[in-house]
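The values are calculated or read from the model by the stated rules, or taken from the named source; none is laboratory data. No experiment lies behind these values; they were computed from the predicted model shown. Positions of Cβ are backbone-derived with ideal geometry, glycine not excepted, and every protein chain shown enters the neighbour counts.
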Amino acid sequence: MAEAFPTAIFNENARIPMLFGDNFTEWKEKVLLTLGCSDLDLAIRVEEPPKPTESSTPDTMAYYERWKRSNRFSLMLIKAHISQSIRGSIPNSDKVKVYMKAIEEQFVSTDKALASTLMKRLSSMTFDRSRIVREHIMEMKDIAAKLKSLEVDIFEPFLVHFILNSLPAEYGPFKISYNKHKNKWSINELLTMCVQEEERLKH
C-alpha cells in the first residue's frame, strides 16, 4: 500500500503561497516551516548519505530511508507550490537540496530588484491629501515591512524621518516641534500625533 502523505503537512499546506515572481522570501519561509513542523526537512538540511550496503547497521539503513522519504515528500510539496508559468525555467533535479538552490539562484536577482524598487518608492513618497494621513503612514509602514522580508532593515528612526519628509508644507510647524522634542517618537506615536495634527489643520 502507498505510504500516506504526512498529516502534519496538510495542516500547514494551505498556508504556503504559490511561488510567483515577487514572493520568494515569504514562500521559502513557509515551505521550510511546513517541512520542519512535519519533520521532513532532513534532505534540505544535509547531503544525501551513502547508500547502505549489506554490511550496514540497522541505524544506518534507517537513517538513509528517512533521508529518502524527506527528499521525496519535500520535492512533492515544493513543486506543488510553484506556478506553472515559472516551473519550466527552473532546472529539474531529483535531489531537493539541489532543486531548492536552483530556485534561490533564479529569484535572488528578482529580490534585489524588488528591494531597490521599494526603497525608491519609500524615499520618494509624498502625502498629497488624496486620503487621510493614517492611510499614508500605514502604507509606508507596509513597504518597510516588505523590505524587512527581503532582508533590508529600515530602522524605526529612519522610517520616522522618511514619513516626516513626506508631509507637505502645512505640516512645517509640526516638523519643527518634532525636531525640538528631546525624546524621539516611535512610529505609533508619530502616527497618533500626525492624526491629531491633521484634525487641527482641518479646523
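Here is a yes/no grid of residues against (1) in the same structural domain as I103 (by TED's automatic domain parsing); (2) aromatic (F, W, Y); (3) outside any loop (DSSP other than H, G, I, E, B); (4) within 30 Å of A115 (Cβ to Cβ):
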position	(1), (2), (3), (4)
L35	yes, no, yes, yes
I44	yes, no, yes, yes
P50	yes, no, no, no
T53	yes, no, no, no
N71	yes, no, yes, no
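Within the range 158-197, the set of residues being in a helix (DSSP H, G or I), under 29 Å from T117 (Cβ atoms) and at pLDDT below 90 comprises K175, Y178. Counting only residues that are of a type in the set (S, T, N, Q), more than 29 Å from A43 (Cα to Cα) and in contact (Cβ under 8 Å) with a residue 12 or more places away in the chain, the range 92-127 holds 2 of them. Assigned to a loop (DSSP other than H, G, I, E, B) and outside the structural domain of A80 (by TED's automatic domain parsing), is that true of S130? Here the answer is yes, as S130 does meet what is asked.
Taking the conditions exactly as written (part of a helix (DSSP H, G or I) and in contact with a Ser or Thr (Cβ under 9 Å, 6 or more places away or on another chain)), does A115 satisfy them or not? No; evaluated as a whole, the condition is false for this residue. Checked against (1) part of a loop (DSSP other than H, G, I, E, B); (2) surrounded by 14 or more Cβ atoms within 10 Å (Cβ to Cβ); (3) more than 16 Å from the chain's Cα centre (by Cα), H136 passes all but a single condition, namely (1). Exactly one residue out of S55, S89 is among the small types (G, A, S) and over 20 Å from N23 (Cβ atoms): that is S55. The requirement of being under 30 Å from W27 (Cβ atoms), in a helix (DSSP H, G or I), touching a residue at least 24 places away in the same chain (Cβ under 8 Å) and of a type in the set (G, A, S) is fulfilled nowhere in the range 141-148; no residue meets it.
Candidates in the range 149-185 are the residues that are touching a Ser or Thr at 6+ places or on another chain (Cβ under 9 Å) and hydroxyl-bearing (S, T, Y); of these, the one that is farthest from W27 (Cα to Cα) is S166. Test S130 against the stated conditions and say whether it is among the small types (G, A, S), in contact (Cβ under 8 Å) with a residue 24 or more places away in the chain and farther than 30 Å from R15 by Cα. So S130 fails the test. A Cβ distance below 8 Å, combined with a sequence gap of six or more or placement on separate chains, defines the contacts here; from the range 169-184, residues that are without any contact (Cβ under 8 Å) to a residue 60 or more places away in the chain reach residues that are part of a helix (DSSP H, G or I) and among the β-branched types (V, I, T) in the pairs K184/V160.
A quick yes/no check of all residues on (1) outside any helix (DSSP H, G or I); (2) hydroxyl-bearing (S, T, Y); (3) in the same structural domain as D41 (by TED's automatic domain parsing); (4) surrounded by fewer than 16 Cβ atoms within 10 Å (Cβ to Cβ):
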site: S56; (1), (2), (3), (4): yes, yes, yes, yes
site: A62; (1), (2), (3), (4): no, no, yes, yes
site: S85; (1), (2), (3), (4): no, yes, yes, yes
site: P91; (1), (2), (3), (4): yes, no, yes, yes
site: D94; (1), (2), (3), (4): yes, no, yes, yes
site: I103; (1), (2), (3), (4): no, no, yes, no
site: Q106; (1), (2), (3), (4): no, no, yes, no
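Please enumerate the residues belonging to the range 116-145 that are among the small types (G, A, S) and closer than 15 Å to L159 by Cβ.
Kept after step one, since they are among the small types (G, A, S), are these residues of the range 116-145: 116, 123-124, 130, 144-145.
Correct list: S123, S124, A144, A145.
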